[in-house]
Amino acid sequence: MRTATPPPVAPTGDHHGLAVVLFAVVVLVTLAITFWAGRRGGGAAEDFYAGGRDFTPLQNGFALSGDYLSAASFLGVAGLIALYGYDGVLYSIGFLVAWLVVLMLVAELVRNAGRYTLADVLALRLRRRKVRAAAGGASVVVTLFYLVAQMVGAGSLVALLLGTNSAQARTWTIVAVGGLMIVYVTIGGMRATTWIQIVKAFLLVAGSVVLTVLLVVRFHGDVAELMRQAAQHSGAGQRYLEPGLKYGKSFTSRLDFFSLGLALVLGTAGLPHILSRFYTVPTARAARRSTMWAIGLVGGFYLMAIALGLGATALIGSAEVRQANSAGNTAVPLLALVLGGGNGSTGGVVLFALISAIAFATILAVVAGLTLASSAAFAHDIWAGAWRGRPRGSRGSRGARDPHDGRGARGRRAAVPASRRARAEADAWTGNDGAPTVAEHDEVLVARIAAVGIGAVAIVLSLFAQQLNVAFLVGLAFAVAASANLPVLLYSLFWRRFTARGAVWSVYGGLIPAVVLVAFSPVVSGTKVALFPGMDFHWFPLENPGVVSIPLGFLAGWIGTLTSPEPADPDRYAELEVRSLTGAGAV
């Protein structure tokens, strides 16, 4: 029987210099990529939003996995496994299974039907300003939830690296990460963000492989012994390897876990920063191949994350992991310290600093992608599409009306063949003929300004959420995405009778309940680890609202469509169906 390992602590003394240098190298490399990509890209919207659409499936597959393998994956999931064993493993399965939904239902269709954002897919058949405004607003909310998770992870990581648990260190780290993500997006756009994701994904997978190999060697390839040691040092004994340690204590906790799993499996297909990745490749076939590459990379990573979570418990102990960070976010860096030789050893400190630097690069890359997606939703959908945008045919014509209000010149429409009419209106709305409704440089400028504002809001929110597990915070983002974005996307792609009212009701019918239920859940008040631990105004018992808000999103879209005063336009749906399935007319 192995003697219990003394609790490791963060590096001290002169070793801080090495860790800080590695962090500085990560920042300098990512900034270099940003300025290099910024010089290569032009000022066109296609360069800023889609990186010129010239990335290969392999490159985009790495970028997709980089977007997906966030701080929640590298820090949060391993931390949950270290603290809760089997229940943490089930959490990771939900992340992986979600990609099958993306591959089968949305990857190729979204690439063919859209241009830059989710709202572009909806606008191809539902040309109303309020549809774009609703979809754009939901995308901003989802990305803000996700951004908070990444920045909280950054605060925990750097605080551990510096050997301090002070709130001041975490606060300044969050502010610094927010400033960096604003620089990445405003200067480099999608091209820089994609290359940062590619480099980060490679480093993340490589670092995970190194740690996993060292862990396997440590236990001489005996997985059973690894699991026995993990159970012994978990503080829960055999229950660590059985379901129920976190989510099985009551019916409410089991229902909460079901809600979480539902959100994880369905939410990926509605994440704005994942959907926008499909527009960086030239064809729908390339989008599908990108997804297949991402599934392989993500699957391999989560297998390693399970091993690392077990290793952290076996070699450190759940109590020590929780002592370093109550949510378990620092389990992997602490494991690296032990595998490298322990506290005080050069190997341990070097490996600890390397893994921490990779985790920091992970956070920087993901926050850049999220900020870009949210700024694109605001500038392209809300500002240019819903507020300022008008089809070219309506300019300078006193009698003309926007085709997206559904009430245009009926007599003139009757003289135009249905297929040509639908295509012309689609081009007028989305700018597929190369003439955008709003000057591109104005739209890109607004997107850059929006990145600054969204970054500032994310910084403020992150300062209040520093004690929450980052994987759990991401679960909330997935719940909102699955509630607000997925129903309207699936209805638009597959339901011929779907209307503009149904779209608006579906978005708000999922978004509002999800946000309200989170606000009155134990996440915000009523527990020691809530956002406001000294207050208790929660009445919703579940931590994740998905089991309630996701069905409400689908139900609201169905009711809105059935009660709509205007029927669906069959010509517009036919246009969407042909384009999404064949790619004819896709950008």
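The values are calculated or read from the model by the stated rules, or taken from the named source; none is laboratory data. The model shown is predicted, which means the values in this text are computed figures rather than measured ones. All Cβ positions, even for glycine, are placed from backbone atoms using ideal geometry, and neighbour counts span all protein chains on display. Accessible surface is based on the protein model in full, side chains and every heavy atom, while ligands, DNA and RNA are left aside. Shrake-Rupley method; radii C 1.70, N 1.55, O 1.52, S 1.80 Å.
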If you average 1/r across every pair of different Cα atoms in region 254-307 and take the reciprocal, what Kirkwood value do you get, in Å?
13.0
In nm, spacing of pseudo-spin labels at Ala44 and Leu18 (7 Å Cα→C-beta vector)
4.8
Global size of the chain as Cα Rg and Dmax, reported in angstrom
24.1, 86
Evaluate the distance, in nm, between pseudo-label points positioned 7 Å from the Cα of Leu555 and of Val209 along their respective Cα→Cβ axes.
4.9
Please determine, in degrees from 0 to 90 and to the nearest 10, the orientation of helix 500-519 with respect to the longest principal axis defined by the Cα atoms of the chain, where the helix direction is its Cα long axis.
20
In degrees from 0 to 90, rounded to the nearest 10, what is the angle of the helix 470-484 Cα long axis to the longest principal axis of the chain?
20
If packing is taken as the average number of other Cβ atoms within 10 Å across a peptide's residues, how do 307-314, 218-225 rank, most packed first?
307-314, 218-225
Restricting things to alpha carbons, find the Rg to Rh ratio for region 445-587 using the Kirkwood radius for Rh.
1.09
Please name which of Ala284, Phe219, Phe202 has its Cα lying farthest along the dipole of the chain towards the positive end, using unit charges on Cβ (Lys, Arg +1; Asp, Glu -1) and the Cα centre as origin.
Ala284
Once both axes come from the Cα atoms, what is the angle between helix 57-68 and the longest principal axis of the chain, in degrees from 0 to 90, rounded to 10?
70
Long-range amide H partners of Leu531 with built H, under 5 Å:
Val524, Ser525
Using a 1.4 angstrom probe on heavy atoms only, work out the carbon and sulfur share of the accessible area of the chain in %.
66
How would you order 575-581, 527-533 from highest to lowest mean count of nearby Cβ atoms within 10 Å?
575-581, 527-533
hull vol. (C-alpha, convex hull) per residue for region 186-239, Å³ -> 127
Tensor-based shape of region 158-315 (alpha-carbon gyration tensor, a/c under 1.5 rounded, otherwise prolate or oblate)
prolate
Cross-link reach from Lys249 to lysines, straight Cα distance under 23 Å and at least 8 residues apart if same chain, gives Lys528
In Å², and per residue, what accessible area does region 75-201 have when probed at 1.4 Å with the other protein chains present?
23
Given all pairs of different Cα atoms, what value in angstroms does the Kirkwood hydrodynamic radius of region 64-155 take?
15.5
Computed over region 317-385, the convex hull of the Cα set has an average projected area, in nm², of 5.8
Convex hull volume per residue in cubic angstrom - Cα atoms of region 475-533
60
Order the peptides 328-340, 192-204, 255-267 from the highest to the lowest mean number of other Cβ atoms within 10 Å of their residues.
328-340, 192-204, 255-267
Residues in region 541-568, backbone N under 11 Å from the label point at Thr252 (7 Å along the Cα-to-beta-carbon vector): list them, ranges by number please.
541-543
